[in-house]
Every structure is written in C-alpha cells, then in structure tokens.
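Peer 1: Dropping a structure here in structure tokens format, bear with me for questions.
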Amino acid sequence: MNILIGGAAGQGMDTIAHLLGKVLAREGYGVHSAKDYMSRVRGGHNFTRLRVDIKTPWCAKQKIDILIALNEETYRIHRSDLTKEGRMIFDPGQFSPPAEKGVPVPLQALAKENGSKIMANTVAVGAALSLLGLETASTESLLKELFNEDIARQNMAALRAGYDEAAQYCGSCFSLPGKEDRQRQIYLDGNQLLGMASLASGCRFLAAYPMTPATGIMSYLAGKQADHTLVVEQAEDEIAAINMTLGASYAGARSMTCTSGGGFALMVEGLSLAGMTETPVVIALAMRPGPATGLPTRTEQGDLDFALYAGHGEFPRAVLCATHLEDAFYRMNKAFDLAEKYQIPVLFLTDQNFADTARTVPLFDFTRLRYNRYLADEESLERPYQRYRLTKDGVSPRALPGQFSDETVLADSDEHDTNGNIIEDAETRRLMAEKRLRKMEFLASEMDEPLLLGAEEGDTLLIGWGSTFGALREASGLLTQTGKKVTHIHFTDLWPLPVTTITRIFANFNERICVENNATGQFAALLRREAGLVTDREILKFDGRPFMAEDIVREVEKDV
C-alpha cells in the first residue's frame, strides 16, 4: 500500500504522515516514510510517501494507491502516478478534480466545525483510515498522548468527522495485507536514530550550528538534556562548533558535532587540529547537493572525497556511513568507540535521504553497544607521563587534565615531542608523523567487510554504499525475479576501505555496476585507487532525489 500526502509547506503534511505512520506501526504493520520538501517555510510543493506492508519496506515506490492532495498542485503533479484502483482525498472547498477517483472531504470545514481549521490534517487522517478499513481507536489513543485533554477531544472529533465523511464514498475500499505477529517495534527517522545512538554511546556534549539535513540530530539531543547528563550548544558558526567539541573532548566528555557540506568546509581546520592533538571527536556529516548552498533540502552522496581528504597535512581518520536504521544504530556506536580507542576524528556520513526517512524497526539490543574510555589509569600509567609517547600501534596514553595530581597534561597544535612540547627538529617530526600514521594499520583491521547479499558469482554485481542500500536491495530482488543472477554488495565502513571480499568475488560476474547518488562516481573511483577494481559501468543520480528500486532496474536492463 502506497500513500502520498502532498501540499504546500505549512499545511500540516508532516502531521498527517507522522500520525498515520505511528498508528500503522502500532497496528503491527511495517512502515516506510520518505519526505521530499522545498527550502522554504511556507508555500512550494512538498510531499511525503508512506509505504505500508507486512514487513518493513526498504524504499519508497512511485505508484500511489491513496493520494491525499491538500492543494490542486499536488493533484496535477502526482495524478499520473495513481494506480488504476487508486483514490484521491481532496477538499472540494479548495479545488474540484474529475470525480472518477476522487473522495471529496471538506477538510477545513469539518475541522472548523470541530474546533479549528488547523485540525484539517487530523480530518485527513480520519479519511485515510476510513479508506484503509482501520478503526480510529489507536489514533485516538495517540492524540491523547500528544495533546492536553481539551485539544485531544477536539482532534478526536475532527478525526471521526473525516472518517465518516470518507466512508460515504470509499469506506474500506482498500485492504491492507495481513499483519504478522511481530515483536515490539519503534518508528523513527534517521536523524532521531543517530541522536539516540549517540546518547546510548555515551555522548555528553554536542556543539553544532543548524544546517539541513543534520539539524535533526541536534534537535533530538537537545530534547534529552533534562533527562540526561548532556550539554547541547548551538554555536555561532561551525568553526566555533568544532572547537567547542574538541575542547569538551580534551576535558573528558565524549563529544560530537553534526553538519552538512558547507558547514564541514568551515570545520576543516579544526579537523586537522584533532589530527595533530590526537583528540577523539565524532563528526556527523549529512550530505546534500552542492557546491555552495546547493539544494539545501535534497539528497546526494557528493561529499565522499571531501570526507576522505579534508584537512591540511597527513593524519589518520576513519570514515563510516549510515546505510539503514538497523545497522546505523550500532555503526554510530562504533564511531564513538574508534574515536576514543585510536584518538582520531571519525566522520560518520549520512544524507538527506537517510536523515528524513522514517521506518519501523525492531527494538535495539543495547547489550551490543561498546563503551570503553581507553583512558590511562594508575595501574597502566607509565611514568613520567608522556601524552605523545611513541608506541607500537601509534596510540599514546591519554589522561584528562587534573586526572593525576602529580602529572601535567599537555596538548599542542604545533608539532611536538612525546611530552607535548613544541619542536622544530626533523627527526622528532618524522617520528611523530610516523607514530600517528601507524594507527591506520591497526584501524584497518577494525573495518567491517561489506555486506554480501547473494551468491559469490553470477550475471550482475551491484555495488553500493550508504543510503542507497534499500533501493539496491529491492532492485536486486526484482532483477532476480526476471531470471538474472544478481548479487548486491554494500559498504558501511569506507576508510580505511575493506576490500578483501569484493576483491575475491569481483571477477566472478559478467558485469559489475556501481550505483551512487553523485555525478562523478566517487566510490567507483575509490575502488580503482585502493584495490585496482574497475567497474564496467556506473549508475549515477544527482538530481537531488534518492534512487527508487525501479530506477535501478531500468538502468541495469538498458542496452549499453
């Protein structure tokens, strides 16, 4: 079942999608919700695709079963995607489309009758429930959780009014698939998940400047300050944000910042500072189309090279990425663990597609999370304490300021000796640079090999990374149904790049295709540089929109 809710910014589409998604999740269905919105507070054309099935879907679909059109523009843009049996909920007081598929519900008039016209979105939810053949009890319970008694009562009346009105035209005209008995599940979007994972990983300080699509991480954590030992600071700019984060980490707080490409550009000097001072930090880099301001509310995988090579000088870093909610929760925990273990900056790549997509997922297993501080203690401390002691693995003992009453903790942004004092001589410089870079050898052993879905030989190998996971997973399934032998391999740890699995199987396929949301095939180029693996072709999309499974299937089946 595919539902699209569309209209202008300010008409309450998010509320409709949120209520329907939550209710369907509580009813036991698998739900996938993806937003497409313009960079403006009012007006424009925004929409959310809601997909419902027995199991949680992996990506959105183009075809629409129910179109909730809050204005005429939504009808004009999306009417061609309605299925043959599709229906459209609309307000006849706003516009009058052809009646054959229309379900006229006076959204604003019914909302005013029951309290206020701002509850027109609740009326629309009631109408959608009626078409789906669902009762209103779960939604009424949710409304009671969200609002005080009086507002909840008005919303419940608006909900029932929309339900009854739609029932006159198309009550229960759709049937949802039978529900599975499933364990408890939660419904949340990518930014909420990354915020939750950071908090569960021991993050106690975040400084950031708001920048779409990363702001949701900061918003989530800001809302948790009252219940946790946590400080969230909205800095005046990204330069301040990265330096506040480094200061908090130096003082002992597990710390992070979040931003997008333009903000990360300002953080680059601070990134090098983390490399030189060997200060742990996690940077969530939520990609969007650039350059410059680009498309602020759209998606792209265009900052991979930037993440790999940003910063002046040579220093170790790790780059991980978000693929899907179930993995990203534990992957963000890994980012915090690696940052502290190796005393390095860890970049965690996400994008608008991941950030604003909500899904139902099982409850997370918190026993899988790692929480090690890797700090020096009285038993392990080698005296005299040397912050940058030369070691086999490049990781020096780390103590916090004031941790030992008889030892001084130093840090220096200039090149320094093992104590942390500024130096100028060539030999010490060489030794310290080698010490820092030695971490990469040990860090490489901690990178997870890509997930392999399918046989180790066949017709087509689809290669992906990051948030294209869902579309690629569904596309490989659709292609397999046509008789093709298709395997999907997907990367989550990007640097140091783990290449053992893909090198072993690469030659076993007739065609190797890399699928990316960028214009230049940055990951395909990384494979060539690091492993000498040259793909046969690339499927690239860089119009600001994510892949759908149908896009990939169409491109794979093209004659080339």
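Peer 1: Before we move on, is Asp393 modelled with pLDDT under 95 and over 30 Å from Asn510 (Cα atoms)? Show your work before the answer.
Peer 2: On the way: modelled with pLDDT under 95: no; over 30 Å from Asn510 (Cα atoms): yes.
Criteria not met by Asp393.
Peer 1: Can we say Thr480 is touching a strand residue (DSSP E or B) at 6+ places or on another chain (Cβ under 6 Å), outside any strand (DSSP E or B) and open to solvent by 60 Å² or more (accessible area, probe 1.4 Å)? If you could, list the steps in order and put the result at the bottom.
Peer 2: Working: touching a strand residue (DSSP E or B) at 6+ places or on another chain (Cβ under 6 Å): yes; outside any strand (DSSP E or B): yes; open to solvent by 60 Å² or more (accessible area, probe 1.4 Å): yes.
So Thr480 passes the test.
Peer 1: Looking at Asp448, Asp425, Asp459, Asp493, which one is under 24 Å from Ala339 (Cα atoms), surrounded by fewer than 16 Cβ atoms within 10 Å (Cβ to Cβ) and modelled with pLDDT of 95 or more? Break it down stepwise before answering.
Peer 2: Numbers: Asp425 fails: under 24 Å from Ala339 (Cα atoms); Asp459 fails: under 24 Å from Ala339 (Cα atoms); Asp493 fails: surrounded by fewer than 16 Cβ atoms within 10 Å (Cβ to Cβ).
Of the residues listed, the single one that is under 24 Å from Ala339 (Cα atoms), surrounded by fewer than 16 Cβ atoms within 10 Å (Cβ to Cβ) and modelled with pLDDT of 95 or more is Asp448.
Peer 1: Criterion first (among the aromatic types (Phe, Trp, Tyr), open to solvent by 10 Å² or more (accessible area, probe 1.4 Å) and part of a strand (DSSP E or B)) does Tyr187 satisfy it?
Peer 2: yes
Peer 1: Give, as residue ranges, the helices (runs of 4 or more DSSP H) completely inside segment 77-173 that count at least 2 residues that are open to solvent by 80 Å² or more (accessible area, probe 1.4 Å).
Peer 2: Working: elements: 107-113, 120-132, 137-146, 149-170.
Where helices (runs of 4 or more DSSP H) fall fully within segment 77-173 and carry at least 2 residues being open to solvent by 80 Å² or more (accessible area, probe 1.4 Å), they are 107-113, 137-146, 149-170.
Peer 1: Does Thr257 fit the bill of being free of Cβ contacts under 8 Å to residues at least 60 places away in the same chain, assigned to a strand (DSSP E or B) and among the β-branched types (Val, Ile, Thr)? Step through it out loud before you land on a result.
Peer 2: Values: free of Cβ contacts under 8 Å to residues at least 60 places away in the same chain: yes; assigned to a strand (DSSP E or B): yes; among the β-branched types (Val, Ile, Thr): yes.
So Thr257 fits the description; yes.
Peer 1: Here's something else I'd like to know. Return the residues of segment 40-58 that are assigned to a loop (DSSP other than H, G, I, E, B), under 15 Å from Asn353 (Cα atoms) and in contact with a Ser or Thr (Cβ under 7 Å, 6 or more places away or on another chain); say none if nothing qualifies.
Peer 2: Scanning segment 40-58 gives no hits.
Peer 1: Does Ile54 satisfy the condition of being modelled with pLDDT of 95 or more, aliphatic (A, V, I, L, M) and either open to solvent by 30 Å² or more (accessible area, probe 1.4 Å) or closer than 22 Å to Ala166 by Cα (or both)?
Peer 2: In short, no.
Peer 1: May I pose another question? Could you list, in sequence order, all residues of segment 235-251 that are in a helix (DSSP H, G or I), out of contact with any Gly (no Cβ under 9 Å at 6 or more places or on another chain) and free of Cβ contacts under 8 Å to residues at least 40 places away in the same chain?
Peer 2: Ala240, Met244, Gly247
Peer 1: Does Ala286 qualify as being at pLDDT 95 or above, hydrophobic (A, V, I, L, M, F, W, C) and not in a strand (DSSP E or B)?
Peer 2: No: the conditions fail for Ala286.
Peer 1: Yes or no: Thr360 at pLDDT 95 or above and open to solvent by less than 10 Å² (accessible area, probe 1.4 Å)?
Peer 2: Judged against the criteria, Thr360 is a match.
Peer 1: Let me ask something else about it. Looking only at segment 1-39, count how many residues are open to solvent by less than 30 Å² (accessible area, probe 1.4 Å) and assigned to a loop (DSSP other than H, G, I, E, B).
Peer 2: 3
Peer 1: Restricted to segment 20-54, and to residues that are acidic (Asp, Glu) and farther than 22 Å from Leu146 by Cα, which residue is nearest to the chain's Cα centre (by Cα)?
Peer 2: Asp36
The values are calculated or read from the model by the stated rules, or taken from the named source; none is laboratory data. Only a predicted model underlies this, so the values are computations on that prediction, with no experimental measurement involved. Glycine also receives a Cβ, built like all others from the backbone with ideal geometry; neighbour counts cover every protein chain displayed. Just so you know, the surface numbers come from the protein's heavy atoms only, side chains and all, with ligands and any DNA or RNA stripped out. Shrake-Rupley method; radii C 1.70, N 1.55, O 1.52, S 1.80 Å.
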